[in-house]
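Visitor: Sharing a structure, written as structure tokens. Questions coming.
Taken together, the values in this text are just the output of simple stated rules run on the coordinates, not laboratory data. From a predicted model like this one, the values you see are computed outputs, not experimental measurements. Positions of Cβ are backbone-derived with ideal geometry, glycine not excepted, and every protein chain shown enters the neighbour counts.
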Amino acid sequence: MKRIGLILAVLVVALAAAAWALSAPKPRYTADEWQALGLTGDAAAGRLVFFAGGCESCHKSPGQDDPLRLGGGLELKTPFGSFYPPNLSSDPADGIGAWRPVDLANALLSGVSRDGQHLYPAFPFTSYQRMAPKDVADLAAFLRTLPAIKGRAPKNALPFPLSIRRAVGLWKLLYFDNSGLPPDPEQSAQWNRGRYLVDGPGHCGECHTPRNFLGAMDESRALAGAQMPDGHGKSGNLRGGDFLNWTNADIVEALTSGFTPAGDVLGSGMTAVVRNLAELPQSDRQAIAVYLKSLPPLGPPAPAKP
Amino acid sequence: MKRLAVVAMALVCGVTAVLADTDPIAERRALMKHDGAAAKTLFGMMKGSAPFDLATVKESLATLNEGATKSAALFPDNSKTGGGTAALPAIWENKADFEARFAKFIKDVQAAQAGVTDEATFKQFAPAIFKNCGGCHELYKAKSG
């Protein structure tokens, strides 16, 4: 009897040790590996990456309109609890002014913070992991040029056990697709650019792809519309419904001015998305349209027009 | 018997009509739909995808003015949910801001009504009108897929 107890105890310890080892944060780059890429950040190019990534949608200081004041702190309500995106300004103490480009790369591409902890996937590194290292270097150079803002965001309000960051390591084992986004040589450069923007920095799937009960995106229904994380309404199906009737020009218009072919205006979270995408060159919005129109239709067919 | 049926039918119709009249959600949704159609017409002309026509512009601006003026009063406390509404609770949490935005929109539409005389003046006034749309839809309307 004593022996069984001992075996059980050993097993429990072994399992805990295995879970601890498996859940360890794994940054994509060491400082030396990043250095070896030999990238020099270009702030002007990084400005476009900043708007393609929609950073300001979550990190902008709430209650003001300047997208370049990144004090953080806007509440992001989800079924798992409330997240408060941190200060991304160049303040060395409260923001990320002391971060090296490799630190930003590891946050964006592997969801690991500068101090080696897991970041919650409310920060969409699940999509950002597809970003090109050069874009990350450019973004780092641009972020450095932004004003320093004092103050830190409130702590995330998460229930146990989600409050333990190490738990994200186990989630990553199950769901983190850490494979980047190699171009598809069968497709045009424009299509590849569109896919990169949509699935990488644009992180469209974070709202438009449905999630399972653990918050992982269901890639079999990618971009087919989903319940909004805050529980208010649904994001549009980009592979079905009325969207199938949109022309490429309709998509480009909606992503530039917010106006849809129905005379409606994109609202809710899309208002900020449009505000950001409007900063990109027209060719990028056209590339997004080309990629979205190439997706195989999914979902109920469009209702007949009266 | 026939007479009774007719009376009953008339009553049902009357009651339905009255109900429809006092349903702010249905009413504001219908107004917004008209606003959307008018906005679409104006937007096409602003972009140059439809030919400019002063009479149509005046008519569309009148639709927007009527829609906005009526809609602003159609968000009473008992119309927060139901009826397929996409209105967010934030409306009633920030009622002063919500009403101020309506007032600004109405002001911009009325300025255009007074000032648009030809295509050039239309293109001068139109952008200010459209700037209002996104502001409210961002804060006060749920996503609808």
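Visitor: What percentages, rounded to whole numbers, describe P(r) for chain A computed over all alpha carbon pairs with 20 Å bin width beginning at zero?
Guide: Calculated over all Cα pairs of chain A, the distribution is 30, 57, 12, 1 percent.
Visitor: Something else about it: Please report the net charge: other residues with Cβ closer than 10 Å to the Cβ of A:Arg114, K and R +1, D and E -1.
Guide: Numbers: positive: A:Arg100; negative: A:Asp103, A:Asp115.
Residues close to A:Arg114 contribute a combined charge of -1.
Visitor: Tell me, how many Å apart are the Cα centres for region B:50-74 and for region A:93-150?
Guide: 47 Å
Visitor: Along region A:31-44, what does the Karplus equation 6.51 cos²θ - 1.76 cosθ + 1.60 (θ = phi - 60°) give for ³J(HN,Hα), rounded to whole Hz, x for Gly and Pro?
Guide: 4, 5, 4, 5, 4, 5, 5, x, 8, 10, x, 10, 4, 5
Visitor: Return a whole-number percent for the relative contact order of chain A, with Cα pairs under 8 Å and 6 or more residues apart as the contact set.
Guide: Numbers: 538 pairs, mean separation 56.5, N = 306.
Over chain A, the number comes to 18 percent.
Visitor: Sticking with this structure for a sec: Compute the Cα gyration tensor for region A:137-216, then decide on rounded, prolate or oblate, letting a ≥ b ≥ c be the square roots of its eigenvalues: rounded whenever a/c is under 1.5, prolate when a/b is larger than b/c in the other cases, and oblate in all that remain.
Guide: It is oblate, given that a/c is not under 1.5 and a/b is not larger than b/c.
Visitor: Quick one: Karplus J couplings for region A:129-142, per residue in order, coefficients 6.51, -1.76, 1.60, θ = phi - 60°, nearest Hz, x for Gly and Pro?
Guide: The phi angles translate into 4, 8, 6, 6, x, 4, 5, 5, 4, 5, 4, 4, 5, 5 Hz.
Visitor: Please list the radius of gyration and Dmax for region B:48-145, considering alpha-carbon atoms only, with Å as the unit.
Guide: 15.2, 44
Visitor: Next up: Do you know the relative contact order of region A:46-205, to the nearest whole percent, from alpha carbon pairs under 8 angstrom that are 6+ apart?
Guide: Reported relative contact order: 28 percent.
Visitor: A follow-up question, please. What list of ³J(HN,Hα) values in whole Hz, one per residue of region A:216-222 in order, does the Karplus curve 6.51 cos²θ - 1.76 cosθ + 1.60 (θ = phi - 60°) give from phi, with Gly and Pro shown as x?
Guide: Once θ is set to phi - 60°, the couplings for region A:216-222 become 8, 6, 8, 5, 5, 10, 4 Hz.
Visitor: Give me the net charge of A:Phe243's neighbourhood, meaning all other residues with Cβ under 10 Å from the Cβ of A:Phe243; Lys, Arg count +1, Asp, Glu -1. Intermediate results must be reported in sequence, preceding the final value.
Guide: Values: positive: A:Arg239, A:Lys293; negative: A:Asp242, A:Asp250.
Around A:Phe243, the surrounding residues sum to 0.
Visitor: Starting at 0 and stepping by 5 Å, how many percent of the alpha carbon pairs of region B:18-104 end up in each bin?
Guide: Taking all Cα pairs of region B:18-104, the binned fractions are 3, 13, 20, 21, 17, 12, 8, 5, 1 percent.
Visitor: I've got another one for you. By how many degrees, between 0 and 90 and to the nearest 10, does the Cα long axis of helix A:2-22 differ from the longest principal axis of chain A?
Guide: The angle comes out at about 40 degrees.
Visitor: Using Cα springs under 10 Å in a Gaussian network model of chain A, which residue among A:Ala16, A:Ala222, A:Ala167 shows the largest mean-square fluctuation?
Guide: In the Gaussian network model the winner is A:Ala16.
Visitor: Treat region A:202-274 as a sphere of radius equal to its Kirkwood radius over Cα pairs and apply Stokes-Einstein at 25 °C in a medium of 0.890 mPa s; give the translational diffusion coefficient in µm²/s, rounded to a whole number. Intermediate results must be reported in sequence, preceding the final value.
Guide: Working: Rh = 12.8 Å.
The calculation lands on 191 µm²/s.
Visitor: Do any chymotrypsin sites (Phe, Trp or Tyr not before Pro) in region A:175-224 lie in a loop, going by DSSP, with at most 15 other beta-carbon atoms within 10 Å of their beta carbon, and if so which?
Guide: On the way: sites: A:Tyr175, A:Phe176, A:Trp191, A:Tyr196, A:Phe213; in loops: A:Phe176, A:Phe213.
Counting only loop positions with at most 15 other Cβ atoms within 10 Å, the chymotrypsin sites (Phe, Trp or Tyr not before Pro) in region A:175-224 are A:Phe213.
Visitor: On to the next question. Averaged over B:128-137, how many beta carbons belonging to a partner chain fall within 10 Å of each residue's beta carbon?
Guide: Working: counts 0, 0, 4, 0, 1, 9, 11, 3, 3, 8.
Per residue, the number of nearby Cβ atoms from other chains is 4 on average.
Visitor: So which trypsin sites (Lys or Arg not before Pro) in region B:30-115 pass both tests, a DSSP loop state and at most 13 other Cβ atoms within 10 Å of the Cβ?
Guide: Qualifying residues, ordered by number: none.
Visitor: Where does helix A:282-294 land angle-wise versus the long Cα axis of chain A, in degrees 0 to 90, nearest 10?
Guide: 80 degrees
Visitor: Report the relative contact order of region A:182-306, percent, no decimals, based on alpha-carbon pairs under 8 angstrom and at least 6 residues apart.
Guide: The normalised contact order for region A:182-306 reaches 29 percent.
Visitor: Related question: Give the average, rounded to an integer, of partner chain Cβ atoms located within 10 angstrom of each Cβ in B:85-93.
Guide: Numbers: counts 0, 4, 1, 5, 1, 1, 0, 0, 0.
Across the residues of B:85-93, the mean count of other-chain Cβ atoms within 10 Å is 1.
Visitor: Also, I was wondering about something else. Which GluC sites (Glu not before Pro) from region B:19-76 combine a DSSP loop assignment with at most 16 other Cβ atoms within 10 Å? Each step should come with its number before you reach the end.
Guide: Numbers: sites: B:Glu27, B:Glu59, B:Glu66; in loops: none.
Nothing satisfies the criteria.
Visitor: Same structure, new question: Can you list the residues, at least 5 places off or on another chain, whose amide H is less than 5 Å from the amide H of A:Thr78, using H built in the peptide plane?
Guide: So A:Thr78 has HN proximity to A:Phe83.
Visitor: What are the semi-axes of the equivalent ellipsoid of region A:40-96, taken as the square roots of 5 times the eigenvalues of the Cα gyration tensor, listed largest first and rounded to whole Å?
Guide: Details: eigenvalues 95, 36, 25 Å².
Those come to 22, 13, 11 Å.
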